[in-house]
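Novice: Following this message is one structure expressed as structure tokens.
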Amino acid sequence: MFRRHWSGLPKDPSFPQDLKALGYFVNDKDEVRLIENPDFYFKYFLSRNSRVNDRQRFAFNSLDRIPLPLGTAPSQPHVPIYASSDLGLKPRIVVIFGEPVQALGILAGRVANGPGGIDKGSMVSVVRELAKQACSEHDKQPPGVVLANPSELHWWPDGRRSVTVSAAQALPLPSAVHRGYKYVPGVYTVPGNEDPARHVDYVFNHVLKSLAADDAVLSLVAVGRSCELVTRFLDVDKNWAVWGKRLSAMLLLGHIWPDDNLENAALKDFLAKRTRAYIVSPEPLDAPLAPPSGNVYQGISNLGCPSHSSSEPMHTETILVRALEPALKYLETVAHTPNYENLPIIVAEPSPQVHDESVEDSWDNLPDDMKPPVGKVNQDWMQGQVDQLRSQGETTDQVQPGDSNGSSV
């Protein structure tokens with residue numbers, strides 16, 4: 001009888017948490033490159049073993065992370081956030097809720113770890129752009145900034161820090177064949193921040209209430225699913241009663257949720273007049289696409305606010321990367337303009353397509369041998385062919401290596 005010791009299991013892959021030790025450097029274009037081959041960016045697929053790849057990415061993404069709010073004991077469960085040091089002195093504060101699937105401070109990993117560089121693919125570019133703005137027409141200091149963290153809500157006791165749900169799958173294990181940790185509420189959660197919705201509530205009702213001035217106006221930015229989380233929070237009457245009067249403007253990036261389920265009339269009015277959505281679209285940057293009621297011709301739902309093009313045709317995570325300047329400029333314009341209201345967007349019905357008979361004529365004139373074959377197969381005949389192939393497969397499976405009819409390798 002054989003017995004396997006724990007020590008006999010393959011070791012879990014381990015990587016250093018240092019950029020140079022991982023084999024990377026940052027070039028003069030702020031791009032992460034391989035030291036051994038500077039033509040390549042971050043290399044995720046180190047091995048065919050996905051566990052090795054996940055562990056390397058986990059080490060790569062854990063560089064220079066500072067836990068906030070300040071004063072929390074490092075050994076206690078906490079969620080890191082970023083906030084301006086003089087937040088309480090700022091008359092205007094921009095609060096940013098990133099995607100719940102992105103690590104804190106990351107806009108798009110495909111940009112931060114590749115073409116574009118770290119600054120462009122992270123919140124560094126956002127904070128840098130906000131530093132160029134003024135709080136108001138009479139106060140030229142830049143607005144305060146709060147970077148919320150609706151993603152890193154899984155507490156890692158051994159590492160004494162919180163990680164994203166995806167990063168939790170790459171935490172160190174006793175061996176490479178262990179299936180992972182069993183999720184235990186209270187052990188792997190942070191009080192008051194158990195999920196993204198509770199984190200949004202905590203940022204408003206604890207962080208902003210404690211750190212921001214009572215008369216500071218707020219400009220909100222939400223990305224991806226955070227759009228739904230923030231609007232649902234504000235749709236609650238008691239929340240709107242506290243925060244509605246302090247809101248200056250709001251940006252919803254990658255917003256796709258219709259306003260059908262919203263019940264707060266004041267919030268709906270705010271969405272229509274002082275909120276703008278930037279959505280995935282191949283149209284030119286900042287092109288108006290739909291009013292709050294939507295645009296049936298482009299498949300845009302009734303989002304409750306005007307929709308503009310981000311010029312990003314595919315990925316929600318790169319919307320703010322592409323639309324950074326006009327999007328943040330909108331927040332500043334609203335903050336500097338008393339009684340601001342969004343300009344109306346008129347949806348024009350597309351011109352009807354003209355029937356081109358020349359296309360049909362060219363098809364008719366095409367030789368038969370150049371047209372793709374189109375036909376209809378008898379269902380009974382097709383079923384017979386399938387049964388025949390299945391029977392042949394079963395016969396092949398029954399042939400043993402030693403049989404005279406079998407093939408040897």
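Novice: Please go through region 92-157 and write out the GluC sites (Glu not before Pro) that DSSP classes as loop and that have at most 11 other C-beta atoms within 10 Å.
Specialist: E137
Novice: Here's a follow-up. For region 74-219, give the magnitude of the charge dipole about the Cα centre (Cβ charges: +1 Lys/Arg, -1 Asp/Glu; no others), in debye to the nearest 20.
Specialist: Numbers: 13 positive and 13 negative charges, 84 e Å.
Result for region 74-219 is approximately 400 debye, rounded to the nearest 20.
Novice: Holding the Cα-Cα limit at 23 Å, pick out from K273/K329; K238/K329; K90/K238; K140/K238; K209/K238 the pairs that are longer than that.
Specialist: Details: K273/K329 16 Å; K238/K329 30 Å; K90/K238 25 Å; K140/K238 33 Å; K209/K238 15 Å.
As for pairs spanning more than 23 Å Cα to Cα, those are K238/K329; K90/K238; K140/K238.
Novice: Between N264, S281, H178, whose Cα lies farthest towards the positive end of the dipole of region 163-310 when Lys and Arg beta carbons carry +1 and Asp and Glu beta carbons carry -1, centred on the Cα centre?
Specialist: H178
Novice: Between Q169 and S391, take the C-beta separation as r, use R0 = 30 Å, and let me know the FRET efficiency to the nearest 0.05. Each step should come with its number before you reach the end.
Specialist: Numbers: r = 43 Å, r/R0 = 1.44.
FRET efficiency, Q169 to S391: 0.10.
Novice: What's the FRET efficiency of R232 with K329 using the Cβ-Cβ distance as r and R₀ = 30 Å, to the nearest 0.05?
Specialist: For R0 = 30 Å, the calculated efficiency reads 0.65.
Novice: Further question: Rounded to the nearest 0.05, what FRET efficiency do V242 and Q141 have when you use their Cβ-Cβ distance and R0 = 30 Å? Present the calculation step by step, with values, prior to reporting the outcome.
Specialist: Details: r = 25 Å, r/R0 = 0.85.
Here the calculated transfer efficiency is 0.75.
Novice: Sticking with this one: Quick one: divide the alpha-carbon radius of gyration of region 94-244 by 2.2 N^0.38 Å and tell me what you get.
Specialist: Compared with the compact-globule rule of thumb, region 94-244 sits at 1.19.
Novice: Express in nm, to one decimal, how much length is gained between T337 and R179 on full extension, taking 0.36 nm for each residue of separation and deducting their alpha carbon distance.
Specialist: 51.3 nm
Novice: Once label points are set 7 Å from the Cα along Cα→Cβ at both K209 and K273, what is their separation, rounded to one decimal in nm?
Specialist: It is 2.7 nm.
Laboratory data are not the source of any read-out in this text; all were calculated from the coordinates shown. Keep in mind it's a predicted model, so treat the numbers as computed, not measured. Ideal geometry is used to build each Cβ from the backbone, glycine not excepted, and the neighbour counts take in all protein chains shown.
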